[in-house]
Amino acid sequence: MPVAQAGGGAKKILYTLATVNRIGVAKAAKALTAHNTCKACALGMGGQLGGMTNELGEFPAVCNKSVQAQSTDIQDEIPVEVFDHPVSDFLDLTPRETERLGRLGFPVLKRKGEDRYQRVSWDDAMAFAAEKFLATVPDRTFFYSSGRSSNEAGFILQLLARLYGTNNVNNCSYYCHQATGVALGSTIGTGTSTVELEDLTRCDLIFVIGANPSSNHPRFIHQLAACRARGGKVVVINPAKEPGLQKFALPKSPKSLLKGGSEIASHYVQPKIGEDMALMKGIAKAVLEKGALDEAFIAQHTDGFEAYKTAIEALEWGEILSRCGVARDQIEAIADVYIASENAVFAWGMGMTHHLHGVQNIEEIAALALLRGMIGRPGAGLLPLRGHSNVQGIGTIGVKPVLAEDVVQRIEARFGVKLPEAAGMDTMSCMQAAHTGDVDAALIMGGNLFAANPNSQFAREALSKIGFKLFLTTTLNQGHFEGIDEDGDVLILPVTARDEEWEPTTQESMFNYVRLSDGGIKRFEYVRPESVILSDLGALILKDLPFDFKAFGRHASVRDAIGDVLPELDGLKDIEVAKREFHIKGRLVHTPRFKTPNGRAKFQANELPPRAEARPFTLATLRSEGQFNSIIYEEKDSYRGTPHRWLVMMNAADIAKLGKTAGDKVDLVSDAGRMEAVELYPFDVPEGDLLAYYPEANVLVNTDVDPRSKTPAFKAVKVSIEL
């Protein structure tokens, strides 16, 4: 088996230096030190405290992901001659090669019947987009945003869509943490983190469940290492034995570097893929049997405990152990660590949400926390590890198909309008409508919707059937070439990066903290802010409004409107003048008063999902150290030691049972598709489990979704291996 590398360390320092040198030291320094929120993960740094400072004032709070993201923004402009090539030529590029083409600096249009993009003027581009949206009816359109956009652009997008006449408004969270929002809504009445960053400095135990922050949230690793350094524990629950979660060489700690890395996990538990519920129930059962409940908290602040307790007691240990594949003594040991803790934080990622029972997974985490009163006081609580830097903010300001009724009423009163009443479609429903030919036009703001979708062939076919696609982006990606049929029109508009915005913008971290980004850096002549593009488009397609939609090109006007519509965000109204960043009102849960109708949290009693026996292996897709979401910065994975991305990681014993050796090639087959000539790579995972990289392995993922959150099962795909 290849030798695993500790996370971080000298290699990452050298990689960062090489990246900085490639983009230019002066340019990199300007980008990293400016008062703009980091555009990578939602743990967050930057804003008014400084570009490399987090909300606790810690400096330098910068990581490899920050530098990678800035390297994308600071690229040179794509030469116009590149677009002399037909779309088919771009399909031969890898995602990394496509990203490295440079920044898009001017609008490009591929007209129906043509096979390539051509540069067009802004006036022609906007007129063309307006013509296409006016040529159809609103219920045959959808509006989508990634989590990179600002609160201001997101609010304009959802308002534009609704005034146009559709609630088909959605964002990338339906393919990541939507299960979290639904589950926390059903248990504690709020869908976001109950803790702030400072709480992580007070806890003595952190659970890291179904996440790999060493690759995806490197700044969080520093909090885990700090917890260990003050004598606390870190329990990692993950089928994959990730090197960076065992040891991580903290780049800013000479001691950590010299000793080859700091210990991260005090306990590492590897359940079978898809069997997290069984493990959570096992830990809960052990806590119950040891009589370690916070009975006063349960009696005073929760409902549903007796039904939950009855279900746990009825579940036999034999069933628990056979399902999760973890020994009972190991489960008991984790329960003992939890019982001994005074302040525990439960953090999780998409390893818990990307299942057909993702909502139930998170409800089990919440129940485990409630058993010992670990929600509703400082230093303890629930922490969903959000990916995109403003994905939480995009949802907060309304980029979703269903708005709360009081929000609808305030929008209608504020603007003197009537919003559509028809139910809006979630992301997968929009894609399915496109696949059946029921979508004529789509506005896609940021991201890579093709790569974000399960079942690559389905996604390609669905996108190809949309008559007009309008993309707003900084760089090109696969989504601008896959599903681009000659029978459709496609317009791509170049937008400013966060630090290039013409006016200040705001973003929300995973800790419910709103930051102010100054913008102001100018790198390209013809790129425009998303807010300006959207407000201009609204002025062209929205008729007979009682107000001037184009005024939303000014961010102060947008923030004033957001503050009126969402009172918990009224701090936005003067944030540009006061420079006062803030936690959103009512989000942090430091007292045991919950946002449910009766103020009490609720235990949810769930049954284990049925066993899936259709195929012998279960595969989870995952990201590498050298990528962020669908953006590929490096083909190799320096932490796992993989040399490229077209491979499958599996237990060495399983490879031997196949009569194969490392490096041999096989085909992976699922009900959705086939991944051919995939290289075998031995890795520490339970027997019967497989790992492959996202988005390459999306071809294997079906379009079935969790019925409650509408999230696909990227982390539990039944597959066969053909030799």
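The values are calculated or read from the model by the stated rules, or taken from the named source; none is laboratory data. Every value quoted in this text rests on a predicted model; they were computed, and no experiment measured them. Using ideal geometry, Cβ is built from the backbone for each residue, glycine included, and neighbour counts are taken over all protein chains shown. Surface accessibility is based on the protein's heavy atoms, side chains included, excluding ligands, DNA and RNA. Shrake-Rupley method; radii C 1.70, N 1.55, O 1.52, S 1.80 Å.
Per the Debye formula with a single identical scatterer at each Cα and no solvent contribution, what log10 I(q)/I(0) holds for the range 117-274 at q = 0.20 Å⁻¹?
-1.34
How high is the relative contact order of the chain, given as a whole-number percent (alpha carbon pairs under 8 Å, six or more residues apart)?
Relative contact order, the chain: 21 percent.
Apply the a/c threshold of 1.5 to the C-alpha gyration tensor of the range 41-131 and tell me whether it is rounded, prolate or oblate.
prolate
State the Kirkwood hydrodynamic radius of the range 562-684 in Å, one decimal place, computed from all pairs of distinct Cα atoms.
Value: 20.3 Å, from the Cα pair sum.
Could you work out the equivalent-ellipsoid semi-axes for the range 544-594, taking the square root of 5 times each eigenvalue of the Cα gyration tensor, largest first, in whole Å?
Values for the range 544-594, descending: 28, 15, 6 Å.
Give me the accessible area per residue for the range 40-192, probe 1.4 Å, as a whole number in Å².
With all protein chains present, the range 40-192 gives 31 Å² per residue.
Using the 2.2 N^0.38 Å rule of thumb for compact globular proteins, work out how the chain stacks up: its C-alpha Rg over that value, please.
Computed over Cα atoms of the chain, the ratio equals 0.91.
Across the range 632-645, in residue order, what do the Karplus-derived ³J(HN,Hα) couplings come to in whole Hz, using 6.51 cos²θ - 1.76 cosθ + 1.60 with θ = phi - 60° and x for Gly and Pro?
Once θ is set to phi - 60°, the couplings for the range 632-645 become 9, 9, 9, 6, 8, 10, 5, 7, 7, x, 6, x, 7, 9 Hz.
Return the calculated 222 nm mean residue ellipticity for the chain, to the nearest 500 deg cm²/dmol, obtained by summing -39500 (n - 2.57) across DSSP H runs with n ≥ 4 and dividing by the residue count.
Helix contribution divided over all residues of the chain: -9500 deg cm²/dmol.
Quote the Stokes-Einstein diffusion coefficient, in whole µm² s⁻¹, for the range 639-710, based on the Kirkwood radius over alpha carbon pairs, a temperature of 37 °C and a viscosity of 0.692 mPa s.
Calculated translational D: 250 µm²/s.
Distance between the C-alpha centers of the range 134-191 and the range 349-372? Whole Å please.
About 23 Å separates the Cα centre of the range 134-191 from the one of the range 349-372.
So what's the projected area for the range 278-330, the Cα convex hull averaged over all directions, in nm²?
3.7 nm²
Expressed as a whole percentage, what fraction of the accessible surface of the chain belongs to carbon and sulfur atoms when a 1.4 Å probe is rolled over the protein heavy atoms?
Reported share for carbon and sulfur atoms: 51 percent.
For the range 470-520, taking Cα atoms only, what is the radius of gyration to one decimal and the Dmax to the nearest whole Å?
Final numbers for Rg and Dmax: 15.5, 45 Å.
Relative to the Cα centre, what is the charge dipole magnitude of the range 101-234, using +1 at the beta carbon of each Lys and Arg, -1 at the beta carbon of each Asp and Glu, and rounding to the nearest 20 debye?
380 debye
Cβ neighbours within 10 Å, averaged per peptide: list 707-720, 594-607 in order, most packed at the top.
707-720, 594-607
Mind checking the range 66-122 for GluC sites (Glu not before Pro) that DSSP puts in a loop (not H, G, I, E or B) and that have at most 15 other Cβ atoms within 10 Å?
Sparse-neighbourhood loop GluC sites (Glu not before Pro): 114.
What do the square roots of 5 times the Cα gyration tensor eigenvalues come to for the range 365-471, in whole Å, largest first, as semi-axes of the equivalent ellipsoid?
Semi-axes (√(5λ), whole Å): 33, 23, 13.
Rounded to the nearest angstrom and ordered from largest down, what semi-axes does the equivalent ellipsoid of the range 508-611 get from its C-alpha gyration tensor (root of 5λ)?
The three semi-axes for the range 508-611 are 36, 20, 18 Å.
In whole angstrom, and with the biggest value first, how far do the Cα coordinates of the range 101-207 range along each principal axis?
61, 36, 25
FRET efficiency for residue 636 and residue 339, Cβ-Cβ distance as r, R0 = 41 Å, nearest 0.05?
For residue 636 and residue 339, the calculated efficiency is 0.45.
Provide the FRET efficiency to the nearest 0.05 for the residue 76-residue 122 pair, computing r from the beta carbons and using R0 = 25 Å.
0.75
Measure out, as a whole number of angstrom, how far apart the alpha-carbon centroids of the range 198-213 and the range 624-693 sit.
First find each Cα centre; the distance between them is then 28 Å.
Give the distance, in whole Å, between the Cα centre of the range 59-112 and the Cα centre of the range 259-296.
43 Å
How large is ³J(HN,Hα) for each residue in the range 650-667, as worked out from phi by the Karplus curve 6.51 cos²θ - 1.76 cosθ + 1.60 (θ = phi - 60°), to whole Hz, x for Gly and Pro?
8, 4, 4, 5, 5, 4, 5, 4, 6, x, 10, 10, 4, x, 5, 10, 9, 9
Could you calculate, for the range 304-363, the ratio of the Cα radius of gyration to the Kirkwood radius, expressed as Rg to Rh?
For the range 304-363, the value is 0.98.
³J(HN,Hα) across the range 72-82 via Karplus (A = 6.51, B = -1.76, C = 1.60, θ = phi - 60°), whole Hz, x for Gly/Pro?
5, 5, 8, 4, 6, 6, 5, x, 4, 5, 4
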